[in-house]
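One structure is given here, and the rest of the page talks about it.
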């Protein structure tokens, strides 16, 4: 008997086990954005069928949305068509739609938790690999392809092979200036970008439990970057406190019932995982990546590993990666001039991320050589930034706040890093061309990003705190 | 495209790189289509590796080398990591590949390939390394992928390996059926689950 929380949530949602095949799993929440859903809706039309459970489905554009002038029509006609298509599909199929400028609009993985739509014990899917973010609520949340979006639209179910379970435990206390982002980049640098493929991860340990909900969302967000289908943290008081009072959260008697149920959602003391990995929080320092996958990360005071530390089959890829970045093995990145800084995305686009950024830039000035984009993950975050007066801090330091969306994380809107330019980004992927053709990306926490923004070079944020 | 699988014998296109992510398979700027035109996605498969920044053909990239061709793509381990975009599978199918051989696939992409009638074949590191060598020695090396018997054979060396695929998915591939057909037939079970929960 495995007795893991993953098993408990998964087993509860099994509609049937297909003989010599996958599990048919019931899905509590489907989110649709404009990029990975149009072909799924087209599929429903081709089959002449409706959505099976429209009230379980929420739609919002985020990938293509511009980060300025959202009250005006989108200039790029192809982006506009994709965003308009989502609105039309939602209307035609009777689904809730938070369009651009709607107060609930933002990046799906920021909006779901902050509006109380994503709750403990749920199964949550979206045609987006970073759906893993929402596992922080104590849910089984994972990204799917467009054919699978169509499956859920048509039947509120999905066919999936049950993943294996993995426990990642981070013990101890995180040091000064070390954030959830650094924990995730550190874990990835140890387990590699494929080390958790085939697994669903439960994060445990004192360093994980001490994280705020925003921190847990960042940690779970990056589960996919080590190949895991998803990752989650068992719900606790921190979770309940975060959810309480949010728009779609249960209220009154329903709330008490929900908390009673959510409190049972934990792995047993005798739970058996297929794989267990442990780390010590004291070993983690602020992290930066130096290559073209998120597993190529190191402590900010470290040097890029030598070629001969890489297994032979991977050396061609490693060399290609460093060539693309314009870095050399053995090099330190401290002091490297930076062209762009991006703070935002479903990884680090929440209020705590902007508070962290503000804590560094307060009383300092943006470096002349840096172009900086601060993009809140949602309108709610944008409002919080204002109500807390962070907008004033940013303005005084020479920064401006843009409007919410995925933005430069994947450069589907106008926010593209020009070819050859070096960007320090709080997002999730440093793949070749991810932030624009030829763009070079260093992934880091909002603190490291802020330190780069005010000094103009890669800087250890601990000296500025 | 729904098509029935049986035995495929073909030459291969080798891509001996690890961690090929879906942003490389199809960059995000090509995700703005609202229809599923495999030809469009196929034309932009590996776009930023196929073309130089100035739009000219990158003659060093394997898809631009007439020496290599066929219905089978052979790639280094951890193929298809990153974004869940199914457009990557559409691009691979649209280009004309029916099989991708690697020692390791990222989960979501593997499902996406299967859902688009592209068969991901997982082989051992040894088989993969030997296959890359065979193709390097002779670009006309044939590989046979026998779906009914779940066997993949490097015809140059004669080495065969059994590959995994569950019985349900094998049946779907061999009969050109998809998961939605299956789910729609099971609505009564879904409603029964809902009434219990």
(request) Just order A:210-218, B:8-16, B:50-58 by mean Cβ neighbour count inside 10 Å, highest at the front, would you? (result) A:210-218, B:8-16, B:50-58
(request) Per DSSP H run of at least 4 residues, take -39500 (n - 2.57); add these up for chain A, divide by its residues and hand me the 222 nm value, nearest 500 deg cm²/dmol. (result) -9000 deg cm²/dmol
(request) Please state, rounded to one decimal and in Å, the Kirkwood hydrodynamic radius that region A:265-413 gives when every pair of distinct Cα atoms enters the mean of 1/r. (result) 18.5
(request) For residue A:395 and residue A:371, calculate 0.36 nm times their separation in residues minus their Cα-Cα distance, and state this gained length in nm to one decimal. (result) 7.2 nm
(request) Would you calculate the separation in nanometres between label points at residue B:124 and residue B:1, each defined as 7 Å from the Cα along the Cα-to-beta-carbon direction? (result) 3.6
(request) Be a star and scan region B:88-108 for residues whose amide nitrogen sits under 20 Å from the point 7 Å along the Cα-to-Cβ vector of residue B:136. (result) B:101-104
(request) Could I have the simple spin-label model distance between residue B:39 and residue A:81, label points 7 Å from Cα toward Cβ, reported in nm to one decimal? (result) 1.5
(request) Just grab the label-to-label distance for residue A:102 and residue A:283, each label 7 Å out from Cα along the Cβ direction, in nm (one decimal). (result) 4.5
(request) Kindly provide log₁₀ I(q)/I(0) values, in the same order as q = 0.12 Å⁻¹, from the Debye equation applied to equal alpha-carbon scatterers of region A:188-266. (result) -0.42
(request) Rounded to the nearest 500, what is the 222 nm mean residue ellipticity of chain B from helices alone, with -39500 (n - 2.57) per DSSP H run of 4+ residues and division by all residues? (result) -9500 deg cm²/dmol
(message) Relative to 2.2 N^0.38 Å, what does the C-alpha radius of gyration of region A:1-285 come to as a ratio? Two decimals please.
(response) 1.01
(request) Compute from the Cα atoms of region A:338-423 the Rg and the Dmax, the latter being the longest Cα-Cα distance, and quote both in angstrom. (result) 12.3, 37
(message) Let me understand region B:2-94 better: what is its radius of gyration from the alpha carbons, and its Dmax, in angstrom?
(response) 13.5, 42
(request) With the Cα gyration tensor of region A:263-326 in hand, give its eigenvalues times 5 under a square root as the equivalent ellipsoid semi-axes, listed largest first in whole angstrom. (result) 33, 16, 11
(request) Could you tell me what % of all Cα pairs in region A:74-170 have separations over 22 Å? (result) 38
(message) Suppose the Debye formula is applied to equal point scatterers at every Cα of region A:124-238; what is log10 I(q)/I(0) at q = 0.15, 0.16, 0.20 Å⁻¹?
(response) -0.61, -0.69, -1.01
(message) Could you sort the peptides A:311-324, A:249-262, B:127-140 by per-residue average Cβ neighbour count (10 Å cutoff), highest mean leading?
(response) B:127-140, A:311-324, A:249-262
(message) Could you work out how much longer the chain between residue A:17 and residue A:324 gets when fully extended? Use 0.36 nm per residue separation minus the Cα distance between them, nm to one decimal.
(response) 105.9 nm
(request) State the extension gain, in nm to one decimal, for the chain segment bounded by residue A:419 and residue A:257, taking 0.36 nm per residue of separation less the distance between their alpha-carbons. (result) 52.9 nm
(message) Between residue B:188 and residue B:9, what's the calculated FRET efficiency when r is the beta-carbon distance and R0 is 56 Å? Round to 0.05.
(response) 0.85
(message) Please compute, for peptide B:13-22, the average count of beta-carbon atoms on other protein chains lying within 10 Å of each residue's beta-carbon.
(response) 5
(request) Return the average number of partner chain Cβ atoms within 10 angstrom of each residue Cβ along peptide B:34-40. (result) 4
(request) May I ask for the percentage of alpha-carbon pairs in region B:7-196 that lie more than 28 Å from each other? (result) 28
(request) Return the Rg/Rh value of the protein assembly as shown, two decimal places, where both radii are evaluated on C-alpha atoms and Rh is the Kirkwood radius. (result) 0.95
(message) What percent of all Cα-Cα pairs in region A:154-212 falls into each 10 Å bin, going from 0 up to the bin containing the maximum distance?
(response) 19, 43, 24, 12, 2
(request) Shielding by partners for A:138-148, please: the mean number of other protein chain Cβ atoms within 10 Å of each residue's Cβ. (result) 5
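Rule-based calculations on the coordinates, nothing more; no lab input. Keep in mind that what you see is a predicted model, and the values were worked out from it rather than measured. All Cβ positions, glycine included, derive from the backbone under ideal geometry; neighbour counts span all protein chains shown.
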